[in-house]
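Structure first, commentary second.
Any read-out appearing in this document is the output of simple, stated calculations on the displayed coordinates, not a laboratory observation. Nothing here was measured: the structure is a model prediction, and the numbers come from that model. Backbone-built Cβ (ideal geometry, glycine too); neighbour counts: all protein chains shown.
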Amino acid sequence: MFKFNEDEGWQVNADQQLITHQNGFKAEYKGNCIYGIKHFPIEATIHDIRNMVSKAEEFLSRL
């Protein structure tokens, strides 16, 4: 399973509606919902990607 720090390393670009993580995860969002994954670490499993999406949505909901 791919490991990443869930609470640190997130960056939000509101102009482009992108959220990224320092591990290479990049996704488009609207509000606090992810609607398009642009990039993810090659070693990540589907479960890892779902977890990253969930954590990204949690992070967005706290903004």
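Kindly state which strands (runs of 3 or more DSSP E) lie completely within the chain and contain at least 2 residues that are polar (S, T, N, Q).
Those strands (runs of 3 or more DSSP E) span 10-13.
Show the residue pairs that are 6+ apart or on different chains and have beta-carbon atoms under 7 Å apart, the first residue being within segment 17-28 and over 16 Å from Leu63 (Cα atoms), the second being part of a loop (DSSP other than H, G, I, E, B) and of a type in the set (D, E, K, R).
none
What's the number of the only condition in (1) surrounded by 12 or more Cβ atoms within 10 Å (Cβ to Cβ); (2) on the phi > 0 side of the Ramachandran plot; (3) more than 10 Å from the chain's Cα centre (by Cα) that Gly31 fails to meet?
The number of the failed condition is (1).
Looking only at segment 38-50, filter to residues that are touching a residue at least 40 places away in the same chain (Cβ under 8 Å) and not aliphatic (A, V, I, L, M); which one of those is surrounded by the most Cβ atoms within 10 Å (Cβ to Cβ)?
Here the residue is Asp48.
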